[in-house]
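Visitor: Let me begin by handing over the structure; questions about it come next.
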Ligand code: PLP
C-alpha cells in the first residue's frame, strides 16, 4: 500500500530573494520546481521592491532569520536538492555556507546572482568575495552568466574559448562543475565543464532576449533534474531545453521585461467544438442519472 511518504515528489529548497512581480527569484524557482513535478519550499534571503521594469529597493533578510528559516525547513523535510540564487550580502552568504556544511546535501546548484539585468546590486562586495573563495567549494554546480564568470575569474569573455577558460578556472577555484551561460552572447551557447570534459550546449535562436528570471529558472530546472537522478550533462541539457521553450512561449505581464512561461507544458489546445471533458468514472455528464 502506498503511504503519503512513498508517493511524495522530491522536495526542493530554493534559497533566493522575493520578486513581487514573480518573474525571478523565489517565485520563478517554485514555479519551475512545480513544472518539473517537484514540491518546492523556500527560504527568503531578501525582499525586493520590483516589477517587470525595475528593482526599486532591496531589504536583505537578517542572517539570523535566514538561518532560522533554513533550520526549520531542514528539520522538517527530506530535501532532495537545493537551488541558491540571490543572497544579498556576506552575512546571508555565510549563513548559507554554514547550512551546507551542516547538511551536506547531494545536489546543490548555485546561481551566483550579483546584479539584476537592470543593474541593481543583489550581492554586496563581501558576499561576492565569500562566494568566490568559500561558497563555490560547497556546491555541486555553479551557473554564472558571462558577467558573473568574468567577475569571479578576472577573464574577459568575448568568445567560446574564453567561456571554456573561465569554466576551467572556476573548477580550479574549487567548483565541482560549472555551466557558463552564454545567453547574452550572439549565439545562446552554454559551456559545461564537469571537471573532466567540456560540453557545449547549443540552442535554437529565441524570439526575444528581453526576458526576466531566465537564470533563476535554468538553475532551478537543473536542481529538479539532478534531484530526479539525472547526470550533470543530461540535467544541464534538459534544463536548457526547458528554459528555451519557456522563453519562446513567454507573454507580457507588465510594461517591462517579459517573464517566462514556466507552465508552457500545461497549455494545451482548446478542445474541438462539441467535445466535453469526460468525468473520471467515464460517463458523459449528459448520460448521468438525474439526482432524485
Ligand atoms: N530579483 C531577484 C529576487 C532575483 O533573485 C534575481 C535573479 O536571480 C533577479 C531579480 C534578477 O533577475 P534578472 O536577471 O531577470 O534581472
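Visitor: Taking 0.36 nm per residue of sequence separation and subtracting the Cα-Cα distance, how much length would be gained by fully extending the chain between residue 264 and residue 115, in nm to one decimal?
Guide: Length difference between fully extended and current span is 50.9 nm.
Visitor: Return P(r) of the chain (all Cα-Cα pairs; 10 Å bins starting at 0; whole %; ordered from short to long distances).
Guide: Pairs per bin, as whole percents: 6, 28, 34, 19, 7, 4, 1, 0.
Visitor: Still on this model: Compute the acute angle (0 to 90°) between the alpha-carbon long axis of helix 214-227 and the principal axis of greatest extent of the alpha-carbon atoms of the chain; round to the nearest 10°.
Guide: 80
Visitor: Moving on to the next point. Tell me the angle of helix 63-76 to the major Cα principal axis of the chain, expressed in degrees between 0 and 90 and rounded to the nearest ten.
Guide: 50
Visitor: Which residue, 86, 173, 163, tops the fluctuation ranking in a GNM of the chain built on C-alpha contacts under 10 Å?
Guide: 173
Visitor: While we're looking at this one, here's another question. Averaging sequence separations of C-alpha pairs under 8 Å and six or more residues apart, then dividing by the length of the stretch 11-287, give the relative contact order as a whole percent.
Guide: 18
Visitor: State the extension gain, in nm to one decimal, for the chain segment bounded by residue 39 and residue 103, taking 0.36 nm per residue of separation less the distance between their alpha-carbons.
Guide: Result: 21.1 nm gained on full extension.
Visitor: Counting helices only, and only those DSSP H runs with n ≥ 4, report the 222 nm mean residue ellipticity of the chain as the sum of -39,500 (n - 2.57) divided by its residues, in deg cm²/dmol to the nearest 500.
Guide: About -11000 deg cm²/dmol.
Visitor: Taking only Cα atoms and a 10 Å spring cutoff, compute GNM fluctuations for the chain and point out the largest among 198, 146, 247.
Guide: Comparing 198, 146, 247 in the GNM, the peak value goes to 198.
Visitor: How much length would be gained if the chain were fully extended between residue 161 and residue 198, taking 0.36 nm per residue of separation minus their Cα-Cα distance, in nm to one decimal?
Guide: Length gained between residue 161 and residue 198: 12.2 nm.
Visitor: In the Gaussian network model of the chain, springs joining C-alpha atoms below 10 Å, which of 117, 250, 220 carries the largest mean-square fluctuation?
Guide: Per the Cα network of the chain with a 10 Å cutoff, 117 tops the list.
Visitor: Out of all DSSP beta bridges in the chain, what portion is antiparallel? Express it as a percent rounded to 5.
Guide: In the chain, DSSP labels about 40 percent of beta bridges as antiparallel.
Bear in mind that the values in this text are calculations on the coordinates, not laboratory data. It should be emphasised that the depicted structure is a prediction, and the values quoted were computed from it without experimental measurement.
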